[in-house]
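A quick write-up on the structure given underneath.
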Amino acid sequence: MNPLPGTQSNAQPGSAWSRAAARLRKEKVSEAITGYLFVAPFLLTIGTFVFLAAVYALYLSFHKYDLFTPPEFVGLANYRRLLADRDLRIALRNVVIYAAGVVPIQTAVALFLAVLANQRLKLRGFFRSAYYVPCITSSVASSIIFMWLYYKQGIINYILSLLRLPSDTDWLGNPSTALPAIMTLVIWTTSAYFMVVFLAALQDIPVSVCEASRIDGASTWQTFRHVTLPLLRPSIFLVVVLGTIGCMQVFDQVYIMTRGGPLKSTMSIVYLVYTEAFGDLKFGYGAAMAFALFAVIFVLTLIQRRLLDIRIEY
Amino acid sequence: MAIHVLAIVVAIVTLAPFAFTISASFKTLSEVLDWPPTFIPSRLSLDNYRAVWTVSPLFPKWLLNSALASTITVTTNLFLCSLAGYAFARLRFPGRDAMFMATLGTLMIPGQITLIPRYIIVHRLGLVDSLAGLVLPDVARVLGVFLMVQFMKAIPKELEEAAKIDGCSRFGTYRHVILPLCKPVMAALAIFTFQGTWNDFTWPLVVLNSPGNFTLALGLNYLRGQYYTFWHLVLTGSLFNILPMLVVFLLFQRYFVQGMSMSGLKG
């Protein structure tokens, strides 16, 4: 009970010591109460809409639920159905192609932008902002703008015609070009975002390290390849992991630009979750699909961590 | 010299889509769809800017809804996250660290997992298709608390003790001592939250049904589907979605970068 055990023996009731101890105890209790009160609104929100929601999603994934009739327990039926779902297989394949294209390119472009923005440029502030602007643009605005650029008689085809390349492609209406078209838009926005990660990492590298390598006779490229790049490895890991997770979750652009079409060529997993749940009111099945996605993301993160760890070691 | 040419070429690639959109916002519909496309509009009238407000009478409402939703989430996040952050960083109470760790753990849960249950909870509360339903799940975010705790841990204890001796209550200490020191992190959080709500598409799409309640992001998509061929208006409308964000970005650039480097995550 006594917060100051060492003082107990010489504390007489009513003495200055015990009064001090009581005050301290009271203060501790009041500090705890204040603490709980301060975190309560936050915890209530997160508890309901993240914690409880996640548990509820798990519960739903074992049920059949359409919002209007009570949930009906179906065991693992939803998960078993996932394995046979042809649309899900198509979506998974699309997302893998999408990530395989987007992640390496966006990482390389982001690194390139960061190195460029880190040069001694006149108007460096302007260039940095100019490179970052795509990523403050909402997915709706950028999707709408790119839809118009991708138009059959649009600006992209016009630029191609100037270069004497085939220029009558209906980019978003053609099953073989729709997904690459969305990939290009996404690379345009997310590279800008990841540029900042690399820019911060570049600025953390001491100038003396690069100077030393220059004095040893290394060229600019050799310095970048053998000094800068290895030092950036943790950031590259971060960008690859975050980039892959982001790719797995692609939805807005698909919904706005193609609705999964043409011929399901742009259908993504989250788009499928959305249509199952909010289109067909299969909330239980949608939840199971979301958990399958979560599992994929989790495994991918672990694999990436393992792979990149091995290379970091030497 | 060569590096400057390269820098300019890259800037053209990143900015060209906006430049084309701005030029389209001055054109007539037929001019927008002209082949070969032109860059300089033949006229310089603000007709399209006027027309977006009148062709879709809901446009001003969408802007207002977006502004309201963003203002509300920014305000509540700043208050609730800093308050909780203060408790997690500076006060001692049983279970504090466990609560904080559990909170951080939820960062691993992707939004798609919680989308369906969030909708059902909001539906049960009878808040579907309302501003309240739109903002309620976002009044406080884990990332906000994480940023606050990171920042507040670095504030010297002596400042708080001095306030206590001067007879300041704990809320008073939070309000008059801690908060003023947290301006940079508050600015970063405000911008993150504003960007998140202003640009959000998925949650409004799920929770809002009637066009009158739409946010601007949702309204633009609706406008595109509704008046499919009116590209000059849809593109002009999208500028209204981009511009406020751009202004905020140009005014508070360093907080965008600061917030990102503090968190290493997107808000």
Under 20 Å from a point placed 7 Å out from the Cα of A:Ile33 along the Cα-to-Cβ direction: which residues of the stretch B:150-172 have their backbone N that close? B:164-165, B:167-172
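Please report, in whole Å³, the volume per residue of the convex hull around the C-alpha atoms of the stretch A:170-314.
In the stretch A:170-314, the Cα hull volume divided by residue count equals 137 Å³.
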Please list, in order along the stretch B:4-14, the HN-Hα scalar couplings obtained from phi with the Karplus expression 6.51 cos²θ - 1.76 cosθ + 1.60 (θ = phi - 60°), rounded to whole Hz, x for Gly and Pro. 5, 4, 4, 4, 5, 4, 5, 4, 5, 4, 6
Put +1 on the Cβ of each Lys and Arg and -1 on the Cβ of each Asp and Glu in the protein assembly as shown; which of B:Leu131, A:Gly101, A:Thr266 then has its Cα farthest toward the positive end of the dipole? B:Leu131
What lysines does A:Lys122 reach when the alpha-carbon gap must be under 30 Å and sequence neighbours fewer than 8 apart in one chain are set aside? B:Lys266
Need the list of lysines near A:Lys28 for cross-linking: C-alpha distance under 20 angstrom, and skip anything on the same chain fewer than eight residues off. B:Lys153, B:Lys157, B:Lys164
For A:Lys152, counting only lysines whose alpha-carbon sits under 23 Å away and dropping same-chain residues fewer than eight positions off, the answer is A:Lys264, B:Lys27
Residues with amide H under 5 Å of B:Phe26's amide H, sequence separation 5 or more or different chain, H placed in the peptide plane at 1.01 Å from N; which? none
Separation between Cα centres of the stretch A:29-74 and the stretch A:159-215, rounded to whole Å: 40
What residues have an amide H closer than 5 Å to that of A:His63, excluding those fewer than 5 places away on the same chain, when H is modeled at 1.01 Å from N in the peptide plane? A:Val74
When a footprinting reagent is the concern and you count Cβ atoms within 10 Å, what order do A:Leu202, B:Leu136, B:Leu44 take, fewest first? B:Leu44, A:Leu202, B:Leu136
Report the one residue of B:Phe79, B:Thr38, B:Ser66 whose Cα lies farthest in the direction of the positive end of the charge dipole of the stretch B:1-131 (charges on C-beta: Lys and Arg +1, Asp and Glu -1; origin at the Cα centre). B:Phe79
Would you order A:Glu211, B:Glu160, A:Glu276 from fewest to most other beta-carbon atoms within 10 Å of each residue's own beta-carbon? A:Glu211, B:Glu160, A:Glu276
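Given R₀ = 22 Å, what would the calculated FRET efficiency be for A:Ser167 paired with B:Leu15, taking r from the Cβ atoms and rounding to 0.05?
On the way: r = 23 Å, r/R0 = 1.04.
Once the sixth-power term is evaluated, E becomes 0.45.
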HN-Hα J couplings of the stretch A:259-265 from phi, Karplus 6.51/-1.76/1.60, θ = phi - 60°, integer Hz, Gly and Pro as x? 6, x, x, x, 6, 6, 5
For the stretch B:77-152 and the stretch B:13-76, write down the distance between their C-alpha centroids in whole Å. 34
Final fewest-first order of B:Asp97, A:Asp252, A:Asp87 on the 10 Å Cβ neighbour count is B:Asp97, A:Asp87, A:Asp252
What percentages make up the Cα-Cα pair-distance distribution of the protein assembly as shown when the bins are 10 Å wide from 0? 3, 14, 24, 25, 18, 9, 4, 2, 1, 0
With x for Gly and Pro, the residue-by-residue ³J(HN,Hα) of the stretch A:245-254, computed from phi through the Karplus equation 6.51 cos²θ - 1.76 cosθ + 1.60 at θ = phi - 60° and given in whole Hz, is 4, x, 5, 4, 9, 4, 8, 3, 4, 5
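Values in this text are rule-based calculations from the coordinates and carry no lab data. The model shown is predicted, which means the values in this text are computed figures rather than measured ones. Quick reminder, even Gly has a Cβ in these numbers, built from the backbone with ideal geometry, and neighbours come from all protein chains shown.
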